[in-house]
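Here is the structure we will look at, set down as structure tokens.
Every number here is computed from the coordinates shown, using simple stated rules; none is lab data. Note that the coordinates shown come from a computational prediction; the quantities given were computed from them, not determined experimentally. Neighbour counts run over all protein chains shown; Cβ positions are idealised from the backbone, glycine included.
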Amino acid sequence: MCAAISVGEKMASARNDHLMKQRFVIEFLIAEGCSAVVIHKIMKAVYGEACLTEGKVRKWARFYRVEDPKKQQSVIAKGPGGRSLQLTLCTNRR
């Protein structure tokens, strides 16, 4: 029984990791100025059937979208060990 729980927990953890990675992709591409439709097309090509639905991509795109253009020039991300990294974007495509 313990082995079954362990396998189930690992599968749930892997699923959560996969979803988090997709959210990071959405956050980055929004900062680059991509629309939710374009982001979904890119992600569908990469993730295939495991890709978030277009509705979920739109939801996360709204969440990550920043209206102030000055704030779009940099993105704060968590690096290895939980350290904050500031990434400066080369262009703003909006």
Net length gained if the chain between E54 and F24 were fully extended (0.36 nm per residue, minus Cα distance): 9.2 nm
Calculated from backbone phi, Karplus (6.51, -1.76, 1.60) coupling profile of the range 16-30 in Hz, x at Gly/Pro: 5, 4, 4, 5, 5, 4, 5, 5, 5, 4, 4, 4, 5, 5, 5
J(HN,Hα) series, the range 46-56, from Karplus relation 6.51 cos²θ - 1.76 cosθ + 1.60, nearest Hz, glycine and proline x: 7, 8, x, 5, 7, 6, 4, 5, 4, x, 5
Label-to-label distance, nm, for residues given as N16 and I42 (7 Å Cα→Cβ offset): 2.7
